[in-house]
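Notes follow the structure.
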Amino acid sequence: MTQENLIEVRDLSVEFVSGEHPHRVVKGISFDIKRGETLALVGESGSGKSVTAHSILRLLPYPLARHPTGSILYGGQDLLSLDEKKLRHVRGNRIAMIFQEPMTSLNPLHSIEKQINEVLGIHKGLTGKQATARTLELLELVGIPEPHKRLKALPHELSGGQRQRVMIAMALANEPELLIADEPTTALDVTVQLKILDLLKDLQARLGMSLLLITHDLNLVRRIAHRVCVMQQGLIVEQASCEQLFRSPQHPYTQELLNAEPSGDPAHTVAGPTLLEVEDLKVWFPIKKGLMRKTVDYVKAVDGINFSLRQGQTLGIVGESGSGKSTLGLAILRLIASKGLIRFEDKRLDCMSAQEVRPLRREMQVVFQDPFGSLSPRMSVSEIVGEGLRIHRMGTAEEQEIAIIEALREVGLDPETRHRYPHEFSGGQRQRIAIARALVLKPALILLDEPTSALDRTVQRQVVELLRSLQVKYNLTYLFISHDLAVVKALSHQLMVVKHGQVVEQGDAQSIFASPQHPYTQQLLEAAYLAPVTVD
């Protein structure tokens, strides 16, 4: 093992056992992590990158996963052959890990102080005031505001970005030599992503540690990595310096990843008459306190929003988490209570009862963020897509079957798979099923609530192209809610930027992208379109 290398991975293979047949998910890969460098491991879901990272600390889901073969050398020791006692000294102490979803990694019943103190107690023997003092130092180090007020907080009382910072504080508690960050910004807004990224770079420089970054976000890689390993189906297909990889990718798969950014102009459609009009729309949630539960204030999730949307057009609604985007969409569809005018096809939805609105629901469909969560696991694809047809009594059983087959063809799925269940499909295929479910009713308006955020970039691009082609073919009208500005730019004719429930900028999408006027819009664009950065 050379002095320069901190970790040397050689011929690493991992198999998962399902039934009698093992499935090899990592296939004899080799790479090094140098001292003080950032190595990015990139690839789509299922490429084996997270399994590789988890193998370093032997965190694989045993007995489903077989013990890895090959070697992982650290400090002259093979981590794959260490006994449990020696491994515990390394795990969380010399090598630490930040997981993708902090809400599932943090204990919901324990305070932030208790969870960080536990790490300090196990590895450093710190307890009581000493542990609390060190915890405060760590929270301040990772940029938690007023850390002394956060010690007793439970995870659900923090924002997504703050929870990720707490995870970073726990990982840094023992000043590790290697920090493994597994998709550390996937669930965060673009502005929060940028802050977490800058934090990791700053901490790495101050502590002199190495960083292994697992991600499918190439903007992130370009910003922070020194070297990149590209994984596809369990193999490393290309290794290069970050600068070289982005300037001259050699492998076709790497080229495909780099070209997968959603691009192009919105669908070329002819704007028809006004389909949807909203005036002074408000959704205020009361804050109640005291024994009598009196309303003392309101959370103004949507506060006086106005817009109109013409048939065949797409309105992109952007903003950070908590800005009111999704609440606005639900209010427009009359799925939550609101005040203000909502006019759809010259009908005042805000004046209608739930029963009166129901016949119009076939004209207003929705595609949700998480296709796996929005599709019933107990229903076949045919039953899922045809549910709306049955509810609205559209046609005979034979006509409904024909409509289901046609809808699946429209979204690029084989109709022969309609008797299978959602878990048998990939994430991109499940989202196509969700689009088919909305499309089969031939709606006038489709609300798309973060429909691509859970998908890899290559799949995102396919879904964007599908949505554009369907819009042209059927003159569909979209309300597109997202914090992914690259996808919004590729789909939207009009753009609305929302902050704290209010519109800060709206108008022609291409004009706003070319010349944003409001500082908040400028901030979002700066965070989303990270310029190429040469890492020193």
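The values are calculated or read from the model by the stated rules, or taken from the named source; none is laboratory data. Note that the structure is predicted; figures quoted are calculated from it, not measured. All Cβ positions, even for glycine, are placed from backbone atoms using ideal geometry, and neighbour counts span all protein chains on display. When the accessible area is computed, the model is the full protein with side chains, heavy atoms only, and any ligands, DNA or RNA have been set aside. Shrake-Rupley method; radii C 1.70, N 1.55, O 1.52, S 1.80 Å.
Restricting attention to the stretch 44-99 and to residues that are touching a residue at least 40 places away in the same chain (Cβ under 8 Å), more than 30 Å from residue 460 (Cβ to Cβ) and of a type in the set (D, E, K, R), the residue that is surrounded by the fewest Cβ atoms within 10 Å (Cβ to Cβ) turns out to be 66. The criterion of at least 1 residues that are under 30 Å from residue 31 (Cα atoms) is met by the following helices (runs of 4 or more DSSP H) wholly inside the stretch 74-185: 84-90, 102-105, 112-124, 160-172. Among the residues of the stretch 383-401, those that are open to solvent by less than 80 Å² (accessible area, probe 1.4 Å), more than 22 Å from residue 417 (Cα to Cα) and either among the charged types (D, E, K, R) or touching a residue at least 24 places away in the same chain (Cβ under 8 Å) (or both) comprise 392, 394. Considering (1) assigned to a helix (DSSP H, G or I); (2) of a type in the set (Gly, Ala, Ser); (3) open to solvent by 10 Å² or more (accessible area, probe 1.4 Å), the lone condition that residue 331 does not fulfil carries the number (3). Could you list all residues from the stretch 360-378 that are under 17 Å from residue 440 (Cα atoms) and assigned to a helix (DSSP H, G or I)? Once the filter is applied, which keeps residues that are under 17 Å from residue 440 (Cα atoms) and assigned to a helix (DSSP H, G or I), the stretch 360-378 yields 360, 361, 362, 363, 371, 374. The residue pairs whose first member lies in the stretch 463-481 and is not assigned by the TED database to the domain that holds residue 443, whose second member is hydrophobic (A, V, I, L, M, F, W, C) and not in a helix (DSSP H, G or I), and whose beta carbons are closer than 9 Å, counting only pairs six or more residues apart or on different chains, do not exist in this structure.
The residues on offer are 372, 368, and the sole one that is touching a strand residue (DSSP E or B) at 6+ places or on another chain (Cβ under 9 Å), open to solvent by 30 Å² or more (accessible area, probe 1.4 Å) and not acidic (Asp, Glu) is 368. When the residues of the stretch 175-189 are filtered to those that are modelled with pLDDT of 80 or more and touching a Leu at 6+ places or on another chain (Cβ under 8 Å), the one that is most open to solvent (accessible area, probe 1.4 Å) is 175. Among what's in the stretch 126-162 and is open to solvent by less than 50 Å² (accessible area, probe 1.4 Å) and polar (S, T, N, Q), pick the residue that is modelled with the lowest pLDDT. Selected residue: 162. Residues that are within 23 Å of residue 333 (Cα to Cα), modelled with pLDDT of 90 or more and in a strand (DSSP E or B) occur in the stretch 507-521; there is at least one. Restricting attention to the stretch 207-223, the residues that are open to solvent by 30 Å² or more (accessible area, probe 1.4 Å) and closer than 22 Å to residue 30 by Cβ add up to 1.
The sole residue among 289, 325, 347 that is of a type outside the set (Gly, Ala, Ser) and open to solvent by less than 20 Å² (accessible area, probe 1.4 Å) is 325. Might you let me know whether the stretch 281-295 holds any residue that is in contact with a Leu (Cβ under 8 Å, 6 or more places away or on another chain), closer than 23 Å to residue 498 by Cβ and not assigned by the TED database to the domain that holds residue 162? Checked the stretch 281-295: at least one residue is in contact with a Leu (Cβ under 8 Å, 6 or more places away or on another chain), closer than 23 Å to residue 498 by Cβ and not assigned by the TED database to the domain that holds residue 162. When residue 192 is tested against the conditions (1) open to solvent by 40 Å² or more (accessible area, probe 1.4 Å); (2) over 28 Å from residue 6 (Cα atoms); (3) hydrophobic (A, V, I, L, M, F, W, C), the lone failure is (1). Tell me yes or no: at least one residue of the stretch 324-344 is among the small types (Gly, Ala, Ser) and either free of Cβ contacts under 8 Å to residues at least 24 places away in the same chain or touching a His at 6+ places or on another chain (Cβ under 8 Å) (or both). Within the stretch 324-344, one or more residues are among the small types (Gly, Ala, Ser) and either free of Cβ contacts under 8 Å to residues at least 24 places away in the same chain or touching a His at 6+ places or on another chain (Cβ under 8 Å) (or both).
Checked against (1) modelled with pLDDT under 85; (2) within 29 Å of residue 5 (Cα to Cα), residue 170 passes all but a single condition, namely (1).
Considering 504, 488, the condition of being open to solvent by less than 30 Å² (accessible area, probe 1.4 Å) and either under 21 Å from residue 308 (Cα atoms) or in contact with a Gly (Cβ under 8 Å, 6 or more places away or on another chain) (or both) is satisfied by 488 alone. The set of residues from the stretch 414-437 being outside any helix (DSSP H, G or I) and either open to solvent by 20 Å² or more (accessible area, probe 1.4 Å) or in contact with a Phe, Trp or Tyr (Cβ under 7 Å, 6 or more places away or on another chain) (or both) comprises 414, 418, 419, 420, 421, 426. Scanning the stretch 75-104 for residues that are more than 30 Å from residue 193 (Cα to Cα) and either in the same structural domain as residue 161 (by the TED database) or of a type outside the set (Asp, Glu) (or both) turns up 75, 76, 77, 79, 80, 81, 82, 85, 86, 87, 88, 89.
To keep it simple, each residue is scored yes or no on (1) open to solvent by 50 Å² or more (accessible area, probe 1.4 Å); (2) under 28 Å from residue 189 (Cβ atoms); (3) at pLDDT 90 or above.
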| site | (1), (2), (3) |
| --- | --- |
| 225 | no, yes, yes |
| 234 | no, no, yes |
| 239 | yes, no, yes |
| 252 | yes, no, yes |
| 266 | no, yes, yes |
| 307 | no, yes, yes |
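Among residues that are closer than 16 Å to residue 267 by Cα, open to solvent by 10 Å² or more (accessible area, probe 1.4 Å) and not charged (D, E, K, R), residue 462 is included.
Checking each residue in the stretch 23-65 for being part of a loop (DSSP other than H, G, I, E, B) and hydroxyl-bearing (Ser, Thr, Tyr) picks out 45, 47, 62.
Could you check the stretch 20-43 and list, in sequence order, the residues that are buried (at least 23 other Cβ atoms within 10 Å of the Cβ) and either at positive phi or aromatic (Phe, Trp, Tyr) (or both)? The answer is 43, and nothing else.
Within the stretch 186-196, being outside any loop (DSSP other than H, G, I, E, B) and either without any contact (Cβ under 8 Å) to a residue 24 or more places away in the chain or of a type in the set (A, V, I, L, M, F, W, C) (or both) holds for 190, 192, 194, 196.
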